[in-house]
Structure formats: structure tokens, C-alpha cells
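These notes concern the structure reproduced below.
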Amino acid sequence: MIYYFTGTGNSLAIVRQLQKLRNKQEEGVTAIDYTTPSPRLTDECTEIGFVFPVYGWGLPLVAEDFIRRLPGNTNKRSPYIYVILTCGDDIGCTDKQVRKLFAEKGWNVNAIFSVQMRNTYICLPGFQTDPANLEQQKNEKALTWLRQISQRIEAHEPSSNNDVHPGAFPRMKSYVLRPLFNKFLIHDKHFKVNAKACIACGKCVRICPLHNIQADAIGMPQWLGQCTHCLRCFHACPKHAIEYGLFTQGKSQVKVKFIAFGTNARNYLGIRSTPLHCIC
């Protein structure tokens, strides 16, 4: 059983590759949003995985909400629980945040791993998508590391501090910068659309993982106030017509070319499926 959230495809690619490496393509997979039912701990449940991206040196708000809605583990059942965190660079103290959130529900996290992948967050000065050669290097390293992660999950091994990459000044990033990041940036108030460039194709409406975009009377996107800042709409727009205020002007897009899968996942029209062997 795997629960995941993905914005531009990194975490989804991890889920698919992990299933392939473990030969468990038929394993239950659930894409989460703010309405996803929580998993239940039963005697038959021996393993639960969670795959989340790291946004602003912490969990996406939708992932944090999902964990907070977990049922309390009053019977102290203990399946093997693992979490894989995808990031463009480092995770700060996200692993500690994860353990604390699960512990508040009486759930014990056995293993946490971080996997560095292509950078997709571009809403801060100096933040940009990776050049092709760096993205390829990250992909190759991620595949190698994921093979090791797969073996350790299969053996239900615990993780160590060496299995995550906190980066420099992790406490400052997660406990000082992150609250400011959440307060001033994690909302959809600054999203705007270039009416001259927009072709009213509706792709942003269809692909938003939180159903947070609707089209107005002439087909222009309108954001509804329940954004987790995954930037899928920005990166997937075929005409580069969506901007986040001045933060994204002149910034590049990454390729978004997946179809979400699993329980609670929507079929994202017009987006090609990603090969299982490829982390993209």
C-alpha cells in the first residue's frame, strides 16, 4: 500500500519505479488530496509507504493535512512504515517533521529516505529549473539510490540519519524560513494568466491535483484558494501563459508528462504516460 502526492511528477515517478523494482505493480496505490480517506491499521497490514515532495523545507500542506487526519493507533499495531521524500536539493528538517506528525497519531515511522531529483520550484530569487545535463545526472543518481532503498524496504530495514540530506542550516530553513514561506507564498493569490497567450484549453483545470482551478465564462483559469503550491499549472501550461506574480517571470518550465494513477487519482487528459523505467 502506497500513498503519494505529486506536483510535477517526481514523486509519482518514484512510486512507479519502486513498484517495478519490487515487482509489485499491482500493489494498491492512492493519490492524496484533501478528501482522501485515511489508511486503517489492521492485523493484516504489514507495510505502508508514503511518497511526498518537499516544499519549502517541509511537507506540502496537503500531505501534512493527510497525516493529521490519520486515525490514532490506539491498539499500537506496528506495520513497517516508510516515507520517501523527493527534493530538488535538500530537505532541511522535513524528516523530523514527518516523524513528529506520525508520532502524534501513535504511528511509528521505521524508515525515511530522501531522493534528490530535478528542481521544479522557481518562485524564489535564484531558484530555477535544472539544465538538462544536471537533470540527467540527478536521474541517474536517483535510480541508483532507489535500487538500494527498494532492497532495504523489502527487508523492512530501519533508516539512519545518513539516508536523508538535510543540507546546510537545516533548522533555520525548516523552523525559521519555512513558516515565513508558508505565510507569504503558499497560496494562490499571485497566480495570473496572460489573456493574450492563453488559448483556454482547460489543461490547468483538468490537471490540478487539488481541483483548485476552474474556468470562467471565457475559459480563463480562476484559482479557488486551496493551493498547496505544487506549480503543476505553471509547468504544464502549453503556452507558458501562467505566472506567479513577478516570481516566475523569465523562469523555465519542466516537462509534465504523466497520467496519475491509483485510487483517488484523476485521469489527466492530454498528458502522456511516463515510462516506468524513467524518472522524469
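Among the residues of the range 230-244, is any hydroxyl-bearing (S, T, Y), touching a residue at least 40 places away in the same chain (Cβ under 8 Å) and outside any strand (DSSP E or B)? Within the range 230-244 (the criterion being hydroxyl-bearing (S, T, Y), touching a residue at least 40 places away in the same chain (Cβ under 8 Å) and outside any strand (DSSP E or B)), the answer is no, since none of the residues qualifies. For first residues located in the range 75-100 and farther than 10 Å from Q116 by Cβ, partners that are part of a helix (DSSP H, G or I) and open to solvent by 80 Å² or more (accessible area, probe 1.4 Å) and lie 6+ apart or on another chain with Cβ distances below 9 Å form the pairs V83/R99; G92/R171; G92/M172; G92/Y175; C93/R171; C93/Y175; D95/N161. Note on the range 1-114: enclosed helices (runs of 4 or more DSSP H) holding 2 or more residues that are open to solvent by 20 Å² or more (accessible area, probe 1.4 Å), closer than 28 Å to I186 by Cβ and not basic (K, R) are 61-68, 94-103. Being among the basic types (K, R) and open to solvent by less than 80 Å² (accessible area, probe 1.4 Å) is the filter here, so list the residues in the range 135-170 that pass it. Scanning the range 135-170 gives K138, R152. Can you find even one residue in the range 22-39 that is in contact with a Leu (Cβ under 9 Å, 6 or more places away or on another chain), on the phi > 0 side of the Ramachandran plot and in contact (Cβ under 8 Å) with a residue 12 or more places away in the chain? Checking the range 22-39: not a single residue is in contact with a Leu (Cβ under 9 Å, 6 or more places away or on another chain), on the phi > 0 side of the Ramachandran plot and in contact (Cβ under 8 Å) with a residue 12 or more places away in the chain.
Every condition in (1) at pLDDT 95 or above; (2) open to solvent by 10 Å² or more (accessible area, probe 1.4 Å); (3) farther than 23 Å from K20 by Cβ is met by A132 except one, and the failing one is (1). For A142, the conditions (1) out of contact with any Lys or Arg (no Cβ under 7 Å at 6 or more places or on another chain); (2) hydrophobic (A, V, I, L, M, F, W, C); (3) without any contact (Cβ under 8 Å) to a residue 40 or more places away in the chain are fulfilled apart from (3).
Listed conditions (1) more than 13 Å from R206 (Cα to Cα); (2) among the small types (G, A, S); (3) at pLDDT below 95; (4) crowded, with 18+ Cβ neighbours inside 10 Å are all met by A236, apart from (1). Only a single item in (1) touching a residue at least 40 places away in the same chain (Cβ under 8 Å); (2) more than 19 Å from W57 (Cα to Cα); (3) of a type outside the set (F, W, Y) is not met by Q116, and it is number (2).
Count of the range 180-210 residues, restricted to those that are part of a helix (DSSP H, G or I), among the charged types (D, E, K, R) and surrounded by 15 or more Cβ atoms within 10 Å (Cβ to Cβ), is 2.
Is it true that some residue in the range 221-229 is out of contact with any Asp or Glu (no Cβ under 9 Å at 6 or more places or on another chain), open to solvent by 20 Å² or more (accessible area, probe 1.4 Å) and modelled with pLDDT under 95? Looking through the range 221-229, none of the residues is out of contact with any Asp or Glu (no Cβ under 9 Å at 6 or more places or on another chain), open to solvent by 20 Å² or more (accessible area, probe 1.4 Å) and modelled with pLDDT under 95.
The values are calculated or read from the model by the stated rules, or taken from the named source; none is laboratory data. Keep in mind that this is a model prediction, so the values were computed, not measured. With ideal geometry, Cβ positions are generated from the backbone for all residues, glycine too; neighbour counts draw on all protein chains shown. These accessible areas exclude ligands, DNA and RNA; they are computed on the full protein's heavy atoms, side chains included. Shrake-Rupley method; radii C 1.70, N 1.55, O 1.52, S 1.80 Å.
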